[in-house]
Amino acid sequence: MNQEMAAPEIQLGGNIPHFSVRLSPTPRGARLARLLTEQQLRTWELPLETPTQIVAELAANAATHGRVPGRDFQLLLYVVGGTLRIEVTDTRGDRLPRLSPPDDEGESGRGLVLVAALADRWGVTEGRHPRKTVWAEIALPAPEPDAPCSGATGGLSPRNSRVKEPHQAPPLPPTAPTHPRG
């Protein structure tokens, strides 16, 4: 299992494109997380399929395993350099996710396996009690010169947001050993 000890409450600067929303830990909230992610990625003119699938899995886990009545989960998306980071924070810090082989007969247990397969890196951050954040990072493709972005490929459009060059980007939050794509 991978864990980070940094607090998940990240203060993002004005030059870092980000999106954050709190949602109810219900199937409807998980679905809304996926739909809002898709819309935000379209706005940023970023690839849709992989990040949206990762959000769907992490939000479903927050609604299923991280649910505490009366407490929302938070979705945070941000881009630093050429990396999209997805974070889902819930209030069940006592239930840390474990990557384990799914039961062939079971109807669940495949979410983190999919996240591990789709993300370049992923992990868990223990936050202030009772929070935890499950995060995933995806390397974004470099935009092709003079190619219009369709929302399916490409990078951030200068008209929507500004991103610093990778060598100027602020570092991501401190990490412990991570799960490489596997």
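Readers should treat all values here as calculations from the given coordinates under stated rules, not as data from a laboratory. Here the structure is a predicted model, which is why all the values come from computation and not from measurement. Here the Cβ is made from the backbone with ideal geometry for all residues, glycine too, and neighbour counts use every protein chain on show.
3J(HN,Hα) along the stretch 53-70, derived from phi through the Karplus expression 6.51 cos²θ - 1.76 cosθ + 1.60 where θ = phi - 60°, amounts to 5, 5, 4, 4, 5, 5, 5, 4, 5, 5, 6, 8, 9, x, 6, 10, x, x Hz, with x in place of Gly and Pro.
Summarising the amide proton neighbourhood of Val80: residues at separation of 5 or more, or on other chains, whose placed amide H is nearer than 5 Å comprise Arg85. Remark: spin-label model distance Glu49-Leu99 equals 2.2 nm, labels positioned 7 Å along the Cα→Cβ axis.
Using a Förster distance of 25 Å, how high is the FRET efficiency between Val113 and Asn15, based on the Cβ-Cβ distance and rounded to 0.05? Each step should come with its number before you reach the end.
Values: r = 35 Å, r/R0 = 1.40.
Efficiency for this residue pair is about 0.10.
Modelled this way, with points 7 Å down the Cα-to-C-beta line, the labels at Thr83 and Arg31 are 3.4 nm from one another.
Give, as a single signed number, the net charge of other residues whose beta carbon lies under 14 Å from the beta carbon of Leu41, with Lys and Arg counted +1 and Asp and Glu -1.
Values: positive: Arg34, Arg42, Arg85; negative: Glu38, Glu45, Glu49.
Net charge in that neighbourhood comes out at 0.
Return the tail of the calculated pair distribution for the stretch 25-84, meaning the percent of Cα-Cα pairs more than 18 Å apart. More than 18 Å apart: 33 percent of the Cα pairs in the stretch 25-84.
With θ taken as phi - 60° and the Karplus curve 6.51 cos²θ - 1.76 cosθ + 1.60 applied, the whole-hertz 3J(HN,Hα) list for the stretch 83-91 is 10, 9, 10, 10, 10, 10, 10, 10, 10 Hz, x standing for glycine and proline. Using the Cβ of Ile86 as centre and a radius below 12 Å, the other residues enclosed give a net charge of -1, where K and R count +1 and D and E count -1. An ellipsoid equivalent to the stretch 20-122, defined through the eigenvalues of its Cα gyration tensor, has semi-axes of 21, 17, 12 Å when rounded to whole angstrom and sorted largest first.
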